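Report on one structure; see the data block that follows.
The values are calculated or read from the model by the stated rules, or taken from the named source; none is laboratory data. Since this is a predicted model, take the numbers as computed values, not measurements. Here the Cβ positions follow ideal geometry from the backbone for every residue, glycine too, while neighbour counts run over all protein chains shown.
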Amino acid sequence: MRLMALLTCFVFFGCGGSSKGSETAKVASFMQENNLFLEDDTTVDVNANGVDEIYFNEVITKLKEVYGPIIDAAGGNLVVEGDWASSTVNAYASRRGNDYVINLFGGLARRKEVTRDGFMLVACHELGHQKTIFPLYSNSGWASIEGISDYYATAACARRMFATVDPTPDPTPPPAPTEPNCPFAPEVDASPCKGYSFGEAATTCQRSLDGAVSLAKLLAALSGSKAPSINTPDKTVVNKTLETHPASQCRLDIMVAGINCTKTWDEANTPHSAADLAKAACAQPRCYYKP
């Protein structure tokens, strides 16, 4: 029975493989198991985008502050565990009894592709797994699949979290732009944000887009593929909803779909069916979702 459980975990939730410095239980993960830990330099105190141990711990603290009460109201206990010293390039969600556990690692946070807002989206993605949003992994009674967890990260979680955590190491906000753009990553085409007027909504949109593009670059590095772009959406149309990790371009498309959605996510009413999802969220990209 134990062998069968382990095989099920590996096949459906990406629980296999080894990652230096991690003995964490793995149920749902941000990305496929990998050997990127071999590239990690644990002597790096801060990556090129300003992610350091202080910010790493701030994300953990703020996620618990903001979402702890929401998970508590749903009958769970949010536990966010961080291991800055670990070289693991991934993040995980699991359950321990009534504890809704999220594990975050320095190996991912130190990656050159990852921005501060990108790291926040990783934490939000793992929270998405814990929210039990339809669709679920078919062999799980609780874990939301990868695609909807990406969507939730930008459509819901980021909108709450970016109000509490600064985007840059310097707490002084950047000058207001003269036209909608993406001040945190100038090379990013910020057209998804041009529908927002200046202010908190526009800033949240821009930060989400910056974070999504940074994570797409990381996922492309994992697969050895060309970096995705918001200008080249994935044209794949699945005939069955994909439970596992979509391709990097598809994942960027999903996060952009969450950014573009003008619906307000109701944390108290989690969608548990296709009909519920259609009411709660905007249209899901067909590269992973079959309505």
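Set side by side, the residues Lys263, Lys240, Lys217 differ, and just one is part of a helix (DSSP H, G or I), out of contact with any helix residue (DSSP H, G or I) (no Cβ under 6 Å at 6 or more places or on another chain) and among the basic types (Lys, Arg), which is Lys217. Evaluating Phe37 against the criteria (1) out of contact with any Gly (no Cβ under 6 Å at 6 or more places or on another chain); (2) at pLDDT 95 or above; (3) not basic (Lys, Arg) leaves one unmet condition, (1). Of the residues making up the range 270-288, at least one is closer than 13 Å to Pro135 by Cα and among the aromatic types (Phe, Trp, Tyr).
Can Ser214 be described as modelled with pLDDT of 90 or more and closer than 18 Å to Val165 by Cα?
Against the criterion (modelled with pLDDT of 90 or more and closer than 18 Å to Val165 by Cα), Ser214 qualifies.
From the list Ser248, Ser214, Ser229, the one residue that fits, being free of Cβ contacts under 8 Å to residues at least 60 places away in the same chain and buried (at least 20 other Cβ atoms within 10 Å of the Cβ), is Ser248.
When Arg111, Arg116 are checked against the criterion of being touching a residue at least 60 places away in the same chain (Cβ under 8 Å) and under 18 Å from Ala227 (Cα atoms), a single residue qualifies: Arg111.
Taking the range 115-159 as the range and being in a loop (DSSP other than H, G, I, E, B) and buried (at least 24 other Cβ atoms within 10 Å of the Cβ) as the test, the residues that pass are Thr115, Lys131, Ile133, Ala143, Ile145. Going through the range 266-291 one residue at a time, which ones are part of a helix (DSSP H, G or I) and either loosely packed, with under 11 Cβ neighbours inside 10 Å or touching a residue at least 40 places away in the same chain (Cβ under 8 Å) (or both)? The answer is Ala274, Ala275, Asp276, Leu277.
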